[in-house]
Amino acid sequence: MKIAAQLYTLRDFLKTEEDIAATLQKVKDIGYNAVQVSGLGPIGDEALKTIADRVGLHICATHIPFADMVNKLDDVIATHKLWNCKYVGIGGLPPEYRTSSEGYATFAKVASEVSRNLKEAGLQFVYHNHAFEFAKWDGKSGMDILLEESDASAFGFELDVHWVQAGGADPIDWIRKVNGRMQVIHLKDFTVTPASERQFAEVGEGNMNFRAILQACEETGVEWGAVEQDSCYGRDPFECLAVSARNLKALGASF
């Protein structure tokens, strides 16, 4: 597995094309060689490709609106082909599907059709979870419904280990549960304050068992581990990414 930076961490520094160019250079200088595209301001597809190539960063995955996959699939395919980016990600379940088991099952079927179309184009749909997918209906979580009701040959997962644990589940169990259906994973840590408040943390600085998480990723063939920190609480997000990179390198991760 190779490590990438999830650009959502740096969204406040990605407002203009000039910002994006400067930010991608800083990401490269920190030591990352790949990024997941998310949280960018307006920029043309060709312009982003030019900047990424000049800096020396591979676009390994994206997060885009599910509506674009449904309504603008040809454009989505063309963009990802241009970027040489195989993994087409959805950052979260659309709200209209979240309130019932039937909603999850319906989304699984709709997304499976999209996934099959992407697969025919040589791309791969990946689903990124939060904590709410672990709410249960008649003893079965939304994540279990997505896993069971989707097309295993086309519908992929992008587990966010932080949100899996925040949802009361075991990230390592889930990495093994989606074995063969996950090539991209979100590496995100959290710590707990003395007041019992959960806070996002740099990878390796919180309470997640990343040695075991990385081992499970290796054993199940995950290709990309995208580092993400939703909030840095006033600290420099670039430094947060650097701390995560240093800690992951100390655990033997590849960049």
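Taking each residue of segment 2-18 that is closer than 10 Å to GLY41 by Cβ and looking for partners that are part of a loop (DSSP other than H, G, I, E, B) with beta-carbon atoms closer than 7 Å, six or more apart or interchain, yields ARG11/GLY39; LEU14/GLY39; LEU14/LEU40; LEU14/GLY41; LYS15/GLY41; THR16/GLY41; GLU17/ILE43. Only residues that are crowded, with 16+ Cβ neighbours inside 10 Å and not in a helix (DSSP H, G or I) were counted in segment 3-26, giving 5. Residues in segment 94-131 that are in contact (Cβ under 8 Å) with a residue 40 or more places away in the chain, out of contact with any Asp or Glu (no Cβ under 7 Å at 6 or more places or on another chain) and hydrophobic (A, V, I, L, M, F, W, C): VAL110, ALA111, VAL114, LEU118, ALA121, LEU123, PHE125.
Only one entry in TYR104, TYR87, TYR32 is within 19 Å of the chain's Cα centre (by Cα), of a type in the set (Phe, Trp, Tyr) and within 30 Å of ALA135 (Cα to Cα), namely TYR87. Taken over segment 212-255, the criterion of being free of Cβ contacts under 8 Å to residues at least 60 places away in the same chain and among the hydroxyl-bearing types (Ser, Thr, Tyr) is satisfied by THR220, SER231, TYR233, SER244. Might you check whether a residue that is at pLDDT 95 or above, more than 22 Å from LEU241 (Cβ to Cβ) and part of a helix (DSSP H, G or I) occurs anywhere in segment 158-170? Scanning segment 158-170, I find no residue that is at pLDDT 95 or above, more than 22 Å from LEU241 (Cβ to Cβ) and part of a helix (DSSP H, G or I), so the answer is no.
The C-beta contact set for segment 62-77 (first residue under 24 Å from THR9 (Cβ atoms), second residue hydroxyl-bearing (Ser, Thr, Tyr), distance under 6 angstrom, 6+ apart or interchain) comprises HIS63/SER38. Among the residues of segment 70-111, those that are surrounded by 15 or more Cβ atoms within 10 Å (Cβ to Cβ) and closer than 18 Å to LEU40 by Cα comprise VAL76, THR79, HIS80, TRP83, CYS85, TYR87, VAL88, GLY89, ILE90, GLY91, GLY92. Taking segment 192-219 as the range and being assigned to a helix (DSSP H, G or I), crowded, with 19+ Cβ neighbours inside 10 Å and touching a helix residue (DSSP H, G or I) at 6+ places or on another chain (Cβ under 7 Å) as the test, the residues that pass are ILE213, ALA216, CYS217.
The values are calculated or read from the model by the stated rules, or taken from the named source; none is laboratory data. Everything numeric here is computed off the predicted structure, so don't read it as measured data. Neighbour counts are summed over all protein chains in view; Cβ atoms, including those assigned to glycine, are modelled from backbone coordinates with ideal geometry.
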